[in-house]
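Enquirer: Quick one: structure below, then a few questions.
Bear in mind these aren't lab numbers, they're just calculated from the coordinates by the rules spelled out. Bear in mind the structure is a predicted one, so any value in this text is a computation, not a measurement. Cβ placement follows ideal geometry from the backbone for every residue including glycine, while neighbour counts extend to all protein chains displayed.
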């Protein structure tokens, strides 16, 4: 019988520190923890002990295979399963797993995108164990597999994955943060961790209906479909009663996540019909990114079990809210203190404002990188609508923090006695946590009391990409402000409080353009943002090109996160993914129109023509509206034939273009053509009988049976 109490099954499928301590000798356990916390290499003799213990633990959970589980730049996890089973010298079967097999594997790297960094014939790639993220067991109907989180590099050490830059960015922000904390006298703090939590939005539709829609199955979204009479009403669905089938699905996902050592704190209906959300508890940055991938995989598998099709696309249905992934992030020191949490202690509040201003400073200088980090084929259809943050990166702080920064920016006296801090409003900072009800949901980045929330990430995206950029930007701001404080202190003119306030003033002044408290949906903001000099990139290729701006490329290189060549390669990979996704959508749309819509329209025209011709002459004289409707169907059919021919021609031409030209062509030519084709198809759908139309309609898809 299945154990239902969450605390009794929590973490049972994870080889975490609790499990390690139970099965490893004390000395080996201490060496492993030291290696994890210090980022040190693990001695192979220790790795052998760990491998044996990990294998025995996994086998006890039913595992027969192991895999190095990694995240190539396709943003979906990859794995190559290897059996534990082997034979000894006498041919007898035995389970085997060595320290070397734990530490490194050698999958073929030739089929993973590299952005031209290495040739196809240079196929060797290595996956290397990341001990900072615990191994876990994934069950299947007839067994289980031990999954070992890993980085993925080419034979010459060049990263080919998303995790390696993430780990480097975490190290960078840790080191910069420690340098700043020491200035504030935090002598007992040993380290700083990144904390993240990704709120996951998604749609569920009946699987049998989804299978009848080639666009959903191949593209993850609907390419055609007339609006549903089931209008999106916040009151009817948002936070409403959860459908029993959906609730059963959610409960099964939660139980599997408990086994994986992750708590899902909330589950609820979202704004649109058939749209929902899971919100996890916060976790250490690297682990939180891995857990989000585990969550998405479990959601997909569980959806099939419950007869659903999981849709993680950013904009699966036209005219209905799309899905995002709100990335909540902060910094926490080894004493357990959240560095973005205001305090009743004024010195700590100065420290808090320093970290806050450092992030603002980084965004003000590299906001375009944040736009690039969330650029994808699907997010282009979501961002900028009155449902999601705009494509212009700005930060919302709330009235209180804005007022405090404004006060600091207005000017500082030569020497600030402690009581003068009250005049800056610092004594009111704890109220930021206590009352955060005024938060602006139209802003792409918002301070929400004790963390920042990046709301522009697309639902299917890997958290690693955006988080890497956020931490790089923040690190640059921390570095600049720390240097300012150190310089002022070294001159002997200021103590750390005065020097920090001057640095905060600099950060507040420099970030004024990127701070916005108003309605980011408003047209006026779009115009104002241009006047402020903020980066505006409305299409995915425009946004991805922001990676190539010299100051953005050099940011990664200067911080040691990615070389400039690696940044260029990453840009190429992302652009190619966009172009390929668009090509699949173009091919799918033309096939659906040619094989489904056109025959349906033809049949409707034929039926109506026959019906019209069978009526008496005196009745046919008074049928102008009917004739007009029939003529409209004929016009739509002709337009659809022309439209898909033009789209086919464009696909053929694009095959002979280089990558940059293809990206431009599919954006400037294909997208408008596809919009026109969709408009004609949706108009035809409303004129064709339900039993003739070949695909499930929106009203069918957006209803759970």
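Enquirer: Would you please give the FRET efficiency between residue 664 and residue 155, computed as 1/(1 + (r/R0)^6) with r the Cβ-Cβ distance and R0 = 35 Å, to the nearest 0.05?
Expert: The value I calculate is 0.55.
Enquirer: Also: For a quick check: sort 253, 597 by the number of other beta carbons within 10 angstrom, fewest at the front.
Expert: 253, 597
Enquirer: Go through 15-21, 255-261 and give me the packing order, highest mean Cβ count within 10 Å leading.
Expert: Packing proxy ranking, top to bottom: 255-261, 15-21.
Enquirer: Using only Cα atoms and rounding to the nearest 10 degrees, what angle (0 to 90) does helix 44-60 make with the longest principal axis of the chain?
Expert: In the chain, helix 44-60 runs at an angle near 50 degrees to the longest axis.
Enquirer: Follow-up question, since we're still on this one. Relative to the present Cα-Cα distance, how much length would full extension add between residue 34 and residue 104 at 0.36 nm per residue of separation?
Expert: Gain on extension, residue 34 to residue 104, equals 23.2 nm.
Enquirer: With axes computed from alpha carbons, what is the tilt in degrees of helix 550-559 against the longest principal axis of the chain, rounded to the nearest 10 within 0 to 90?
Expert: Taking the Cα atoms of the chain, the angle to 550-559 is about 40 degrees.
Enquirer: Moving on. Note down the nm distance, to one decimal, between modelled labels 7 Å out along Cα→Cβ at residue 16 and at residue 638.
Expert: It is 6.7 nm.
Enquirer: Right, another one. Express in nm, to one decimal, how much length is gained between residue 602 and residue 532 on full extension, taking 0.36 nm for each residue of separation and deducting their alpha carbon distance.
Expert: Stretched out fully, the residue 602 to residue 532 stretch lengthens by 19.8 nm.
Enquirer: So if R0 is 51 Å, what FRET efficiency would residue 95 and residue 594 give, r being the distance between their Cβ atoms, rounded to the nearest 0.05?
Expert: In this case the efficiency is close to 0.40.
Enquirer: Next question. Going by average Cβ density within 10 Å per residue, which order do the peptides 198-205, 507-514 take, highest to lowest?
Expert: Packing proxy ranking, top to bottom: 198-205, 507-514.
Enquirer: Place the peptides 268-279, 389-400, 527-538, 678-689 in order of packing, highest mean first, counting for every residue the other Cβ atoms within 10 Å and averaging per peptide.
Expert: 389-400, 268-279, 678-689, 527-538
Enquirer: Moving on. I need 89, 409 ordered by Cβ neighbour count within 10 Å, fewest first.
Expert: Going from least to most buried by this count: 89, 409.
Enquirer: Pull out the extension gain between residue 609 and residue 178, defined as 0.36 nm times the separation in residues minus the alpha carbon to alpha carbon distance; nm, one decimal.
Expert: Contour length minus the Cα-Cα distance gives 147.3 nm.
Enquirer: Using just the helices of the chain, give the 222 nm mean residue ellipticity in deg cm²/dmol: DSSP H runs with n ≥ 4 each add -39,500 (n - 2.57), and the total is spread over all residues, rounded to 500.
Expert: Calculated mean residue ellipticity at 222 nm is -15000 deg cm²/dmol.
Enquirer: Restricting the count to DSSP beta bridges whose residues both fall in the chain, what percent are antiparallel, rounded to a multiple of 5?
Expert: Around 85 percent of the beta bridges assigned by DSSP in the chain are antiparallel ones.
Enquirer: Relative to the first principal axis of the alpha-carbon coordinates of the chain, what is the inclination of helix 163-183, with its axis defined by its Cα atoms, in degrees from 0 to 90 and to the nearest 10?
Expert: 40
Enquirer: In region 319-362, whose amide N lies under 17 Å from the spot 7 Å out along Cα-to-Cβ of residue 558? List them in ranges.
Expert: 358-362
Enquirer: What FRET efficiency would be calculated for the residue pair residue 646, residue 517, taking the C-beta separation as r and a Förster radius of 41 Å, to the nearest 0.05?
Expert: 0.35
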